[in-house]
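Working notes, structure below.
The values are calculated or read from the model by the stated rules, or taken from the named source; none is laboratory data. Keep in mind the model is a prediction, meaning the values are calculated, not measured. Using ideal geometry, Cβ is built from the backbone for each residue, glycine included, and neighbour counts are taken over all protein chains shown.
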Amino acid sequence: MGRVTFPERAVEIDLDALRHNVRHLRDIADPARVMAVVKADAYGHGAVPVARAALEAGAAWLGVAHISEGVELRRAGIEAPVLAWLHTPSSDFVAGVEHGLDLGISGWELEHVVAAARELERPAIVHLKIDTGLGRNGCPPEKWDELLRRAVGYQDEGVLRVVGVFSHLATADEPARPETDRQVQLFREAVAAAERAGIAVEVRHLANTPATFSRPDCHFDLVRVGLGIYGLSPFADQDSADLGLRPVMTFSTTVSTCKEVPKGQGVSYGHAYRTHQATTLGLVPVGYGDGVPRIATGAPVQVGGRIYPVIGRIAMDQLVIDFGTTGLLDTPDSPVGRRAVLFGGGDAPAVEDWAAAAQTINYEIVTRISDRVERVHLHADTGVGDDGLA
Ligand SMILES: *Cc1c(COP(=O)(O)O)cnc(C)c1O
């Protein structure tokens, strides 16, 4: 069993950390069950290996936005319940029904799903979505009774089965805000109306990651957790460790060229930065072509256990860090060829540091890492030793 050499640039996905997070969220949600949300290639972590690891750790459901994402899971041999909730008239509803996906319905999709079910002579499984205040997808409350009537009609015909009612929260990451109370109340009313209309609602689901942590009254039968399974915190004032989570993704590369430059050297396009002293610059070979946000100048990069800020403009393929000293080159301390960690677990910079530098949220930082960066899944096989490399 040889050592695996580290790729030039990669995101490592620690599937043991992911399993830990899923188990932790299961404990918090219990007796509600966990839907692991693996849309957008599992927030950049790789949908199929993440889905498998989440199911191993006890997730009961998988959630995706698009039917095509659900079909990809089925093609990989994943048979667990999968819900897909974001459609257009161009969505392949036939594929969705054929692959046994559960389909989220906000209104107009119902007739498309029914047409697909008739064509396949196979009932569709649907979850009706009520807009309790987010103002995006979901049936407006004033049209809910009509949607229920249509759904019950089709259910009586045998072309579909309604198993779920769900909604999505707008402000759960700020637990003190009152909007969530109103959304919970509307959700309860929508479920009650569905039951009065003759629907046996098996799964009621409302909570995302923040509500799973902060609002037990939102757990119902199932919680839909994305961010949390990736080990990241949705709250501004609590980090991963505060929530008992372990960050799953580590993004690193290898220091390329290093050079000594005099005071006043302009760095990168536009010379937006000039060195304050004679120093050593390090070239880190990742840029916005790899999904590094171009505006994240100042974000931290860890080399040899120390943290250095990104200076100057981030380019398509590369960024520059300032080691702040001279005399490093041609010594055993030379940074050339060393591992440069942008973010990860342990003592590495956090995803949140990059999010702050890029004026965005941790969700976006991990999700936007591009396909140019290889994904390396660690501990994919639960049956092997702690290095996960069989
Ligand atoms: C993305 C998404 C989730 C997961 O949200 P997190 O905050 O990442 O847990 C849950 N439900 C729906 C409808 C979503 O679109």
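For the range 358-372, filtered to residues that are in a loop (DSSP other than H, G, I, E, B) and surrounded by fewer than 19 Cβ atoms within 10 Å (Cβ to Cβ), the residue that is farthest from the ligand (Cβ to nearest atom) is 372.
Checking each residue in the range 15-30 for being more than 15 Å from residue 247 (Cβ to Cβ), aliphatic (A, V, I, L, M) and touching a strand residue (DSSP E or B) at 6+ places or on another chain (Cβ under 8 Å) picks out only 29.
Scanning the range 261-294 for residues that are closer than 12 Å to residue 326 by Cα, in a strand (DSSP E or B) and among the small types (Gly, Ala, Ser) returns a single hit, 282. Screening 204, 224 for residues that are within 23 Å of the chain's Cα centre (by Cα), in a strand (DSSP E or B), crowded, with 20+ Cβ neighbours inside 10 Å and away from the ligand (no atom under 13 Å from the Cβ) leaves exactly one candidate, 204. Selection of the range 253-276 for residues being farther than 25 Å from residue 8 by Cβ, touching a residue at least 24 places away in the same chain (Cβ under 8 Å) and of a type in the set (S, T, N, Q) yields only 275.
Assessment of the range 338-357 against the conditions (in contact with an Asp or Glu (Cβ under 8 Å, 6 or more places away or on another chain), at pLDDT 95 or above and either part of a strand (DSSP E or B) or surrounded by fewer than 19 Cβ atoms within 10 Å (Cβ to Cβ) (or both)) yields at least one matching residue. Selection of the range 28-62 for residues being within 17 Å of residue 363 (Cα to Cα) and more than 14 Å from the ligand (Cβ to nearest atom) yields only 46. Kindly provide the set of residues from the range 210-230 that are out of contact with any Phe, Trp or Tyr (no Cβ under 9 Å at 6 or more places or on another chain) and either farther than 15 Å from residue 30 by Cβ or of a type outside the set (S, T, N, Q) (or both), ordered by number. Selection gives 211, 215, 216, 217, 219, 221, 223, 225.
Being under 23 Å from residue 18 (Cα atoms) and either at pLDDT 95 or above or touching an Asp or Glu at 6+ places or on another chain (Cβ under 8 Å) (or both) holds for only one residue in 366, 286, and it is 366.
Taken as a whole, the condition of being touching a residue at least 12 places away in the same chain (Cβ under 8 Å) and assigned by TED's automatic domain parsing to the domain that holds residue 335 applies to residue 313.
Being in contact with a Lys or Arg (Cβ under 6 Å, 6 or more places away or on another chain) and surrounded by 16 or more Cβ atoms within 10 Å (Cβ to Cβ) is the filter here; which residues of the range 255-274 pass it? 255, 268 - these are the residues of the range 255-274 that are in contact with a Lys or Arg (Cβ under 6 Å, 6 or more places away or on another chain) and surrounded by 16 or more Cβ atoms within 10 Å (Cβ to Cβ). Is it the case that the range 73-87 has a residue that's out of contact with any helix residue (DSSP H, G or I) (no Cβ under 7 Å at 6 or more places or on another chain), in a helix (DSSP H, G or I) and either surrounded by fewer than 16 Cβ atoms within 10 Å (Cβ to Cβ) or without any contact (Cβ under 8 Å) to a residue 40 or more places away in the chain (or both)? Yes, the conditions are met somewhere in the range 73-87.
Does residue 13 fit the bill of being more than 16 Å from the ligand (Cβ to nearest atom) and either part of a strand (DSSP E or B) or outside the structural domain of residue 204 (by TED's automatic domain parsing) (or both)? The answer is yes for residue 13. Scanning the range 321-337 for residues that are in a loop (DSSP other than H, G, I, E, B) and over 17 Å from residue 9 (Cα atoms) returns 323, 324, 325, 326, 327, 328, 329, 330, 331, 332, 333, 334.
The set of residues in the range 227-271 that are of a type in the set (A, V, I, L, M), within 16 Å of the ligand (Cβ to nearest atom) and out of contact with any Pro (no Cβ under 7 Å at 6 or more places or on another chain) comprises 229, 236, 243, 245, 248, 249. Among the criteria (1) within 16 Å of the ligand (Cβ to nearest atom); (2) surrounded by fewer than 17 Cβ atoms within 10 Å (Cβ to Cβ); (3) not basic (Lys, Arg), the one residue 25 does not fulfil is (2).
When restricted to residues that are within 18 Å of residue 93 (Cβ to Cβ), within 16 Å of the ligand (Cβ to nearest atom) and either in contact with a helix residue (DSSP H, G or I) (Cβ under 8 Å, 6 or more places away or on another chain) or assigned to a strand (DSSP E or B) (or both), the range 115-162 contains 5.
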